[in-house]
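Down below is the structure, laid out as structure tokens.
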Amino acid sequence: MTPYAELQVTSNYSFLRGASHPQELVLQAAVLGHRAIAIADRNSLAGVVRAHGAAKDHDIQLIVGARLLLQDGFDLLCFPTDRSAYGRLSRLLSLGKRRAKKGDCILFTADLLADPIFAGGRGQVLIAVPPANLDAAFERQLLKLCNKFRKIFYLAVNYHYLSDDKVRISALSELAERHFIPLVATNDVHAHVPERRPLQDAMSCIRAHCTITAAGFLLHANAERHLKSGDEMARLFAAWPAAIANTVKIADACRFNLNELRYEYPSEVVPDHLTPA
């Protein structure tokens, strides 16, 4: 079985987007023989607690992280590799949520570049998720982040059985090679099995306030955004084997576990006259 870790997974904690519970996704990844699975919900760490419990039950590595949707048009998967990095990611998300109304999160590229908050990305692994339109503006912003986070920065590529998949992946591969950015294969998972497609479509319609007949391109083109085996992913990315190997490399780096978290009470300053002799 080809070693593989799925790194782009949206659970139902991304409201009206993911069609599976975190524990369903973790169980399916274990059944498929994945090396690890990452739960990365939209500007949120909410789904990782349920996933953590399931990962312990089914003896599979959970990669904790979040999908950062930036207001200036960039989309990143962020995975902390240690306890300190997890704390910095949490503070970054808290910053974005304090700026917004309940349920929203407002973050900018500048927030990631501001070292007092994100510490230059220290202890993180970042994966850029490309937009539908691979224009010059995307390349400029990609290069800006790549220059800042060079040693921890990757570019995601997906294969969704669309007519332009190979052309698009080739274009992204050339872009990555031009700027020395390693590729990583992901499936942009929104469900643990393809049979959840009808539920996925219904949630998309609720989110967009439209009927299924009027939804059009708001719906995914097919049911392919589900967890696939390592062998299947290796077949799809046969021309880009490093993109598969990099999933395991990232999994090996991201060893932070929620078991490391403990209650941390603030230290209290005791006046000298109250200190025991």
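The values are calculated or read from the model by the stated rules, or taken from the named source; none is laboratory data. Note that the structure is predicted; figures quoted are calculated from it, not measured. With ideal geometry, Cβ positions are generated from the backbone for all residues, glycine too; neighbour counts draw on all protein chains shown. Please note that ligands, DNA and RNA were not included when accessible areas were found on the heavy atoms of the full protein model with its side chains. Shrake-Rupley method; radii C 1.70, N 1.55, O 1.52, S 1.80 Å.
General remarks:
- Residue match in segment 258-273 (condition: modelled with pLDDT under 95, part of a loop (DSSP other than H, G, I, E, B) and of a type in the set (S, T, N, Q)): yes
- Selection from segment 124-149 of residues that are touching a Leu at 6+ places or on another chain (Cβ under 9 Å) and over 15 Å from Arg178 (Cα atoms): Gln124, Val125, Leu126, Ile127, Ala128, Val129, Pro130, Lys148, Phe149
- Tally of residues being open to solvent by 30 Å² or more (accessible area, probe 1.4 Å) and without any contact (Cβ under 8 Å) to a residue 40 or more places away in the chain across segment 198-218: 12
- Test result for Val125, closer than 24 Å to Gln71 by Cβ and either surrounded by 13 or more Cβ atoms within 10 Å (Cβ to Cβ) or not β-branched (Val, Ile, Thr) (or both): yes
- Lone qualifier among Arg67, Arg98, Arg122 - being of a type in the set (Lys, Arg), touching a residue at least 24 places away in the same chain (Cβ under 8 Å) and closer than 25 Å to Glu264 by Cα: Arg122
- Residue in segment 101-116 that is of a type in the set (S, T, N, Q), part of a helix (DSSP H, G or I), at pLDDT 90 or above and open to solvent by 10 Å² or more (accessible area, probe 1.4 Å) present: no
- Looking at segment 1-82, the strands (runs of 3 or more DSSP E) lying wholly inside it that each contain 2 or more residues that are over 24 Å from Leu95 (Cα atoms) and open to solvent by less than 10 Å² (accessible area, probe 1.4 Å) sit at 36-42.
- Scanning segment 232-261 for residues that are among the polar types (S, T, N, Q) and more than 25 Å from Ile169 (Cα to Cα) yields Asn257, Asn259.
- Hits in segment 219-241 (condition: open to solvent by 60 Å² or more (accessible area, probe 1.4 Å) and not basic (Lys, Arg)): Ala221, Asp231, Ala238, Ala239, Pro241
- Criterion violated by Tyr161 - all others in (1) open to solvent by 60 Å² or more (accessible area, probe 1.4 Å); (2) without any contact (Cβ under 8 Å) to a residue 60 or more places away in the chain satisfied: (2)
- For segment 166-193, the candidate set comprises residues that are open to solvent by 50 Å² or more (accessible area, probe 1.4 Å) and outside any loop (DSSP other than H, G, I, E, B); within that set, the residue that is nearest to Val129 (Cα to Cα) is Arg168.
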